[in-house]
């Protein structure tokens, strides 16, 4: 258990989500094990194990800019946060806010949701099967509060420009502080192969390398995003619920003709990937959730629209940073990604899904598709800050 705790503490630190001294990871096996001395840990965290059926508990005071975002949101929202991106909507639903670090408050919140925010102090999550669950939920909360804060700023200034509200001085002061702590730059991605794979083992190695780089550059978080490659008559795709930096045993080989049930554990977006290949002939496909790509995908505020259904059935023709934005739900059906994304990619190499990140493709190697994910994210970030500067 100590080894697992160390693994996920290391991931939190390496991904810039927290400093080493601000992480408390508790796991229950025969006894409680932690990355810290139990004598140093708040007794309220330890007592949670007596109140709800869990085997791991993670409490983190996040690093910047997440710390300042959490401080602002926790003092200006009540009861819970309700981000509108796809990841939060499908995985977290909402994020409860509790006012104190106490076993009772934590256990009540975690009995209903995967994570909670404790005042302006930190984030608490849990696992019932493995410590990975606690890490995944924590990573998702960091993503969610980042997207929510910057989206809130954008929507607020749009509403002000429309004459619907006065400027919120507290929000804008927090924005200036947090924006100064937000930086995004990507070095060249030389570790991603530019040559097509020649055999199955190379396909697997290239998918594994691409997944590690997507995580390292924060182009995906938690266990979201997926990767595939079509080789001969088979699509090789990351499994559902897999971490993209640990794909060594988590890639499914699914015949394109449907002659096997191998796809039963594949990504929930297998049908979209197969549709993309059949529609475009592009063999390398990447789907990521870069933060500013997600934020800018939701930047439309057309009067008269039901914004609560935009992610599912928006008919508005729009683009962000020159990339088409489409709606689409996870899965199949008339409003599923399988119906919207392949068609949008028929004449292009990337498409942004409302609240749900980007799909990028290339003919036969991952380098171009990966570079495109980076390029679009950088462009979306520049477009965001340019728009905010103009509105302010």
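The values are calculated or read from the model by the stated rules, or taken from the named source; none is laboratory data. Quantities reported herein were computed from a predicted structural model and do not represent experimental measurements. Because the Cβ atoms are built from the backbone with ideal geometry, glycine has one as well, and the counts that use them run over all protein chains shown.
Go through region 1-40 and give me each residue that's more than 19 Å from the chain's Cα centre (by Cα), under 21 Å from residue 142 (Cβ atoms) and exposed (fewer than 12 other Cβ atoms within 10 Å of the Cβ).
Within region 1-40, 20, 21 qualify.
Given (1) part of a helix (DSSP H, G or I); (2) closer than 17 Å to residue 124 by Cα, where does residue 26 come up short, assuming only one miss?
Residue 26 satisfies every listed condition except (1).
Quick one: count up the residues across region 269-289 that are touching a strand residue (DSSP E or B) at 6+ places or on another chain (Cβ under 8 Å) and over 20 Å from residue 200 (Cα atoms).
8
If residue 234 meets every condition in (1) in contact (Cβ under 8 Å) with a residue 60 or more places away in the chain; (2) more than 17 Å from residue 139 (Cα to Cα) apart from one, which number is that one?
(1)
Among (1) at pLDDT 95 or above; (2) on the phi < 0 side of the Ramachandran plot, where does residue 281 come up short?
Of (1) at pLDDT 95 or above; (2) on the phi < 0 side of the Ramachandran plot, only one is false for residue 281: (2).
Could you list, in sequence order, all residues of region 355-370 that are within 26 Å of residue 88 (Cα to Cα) and modelled with pLDDT under 95?
Selection gives 355, 356, 357.
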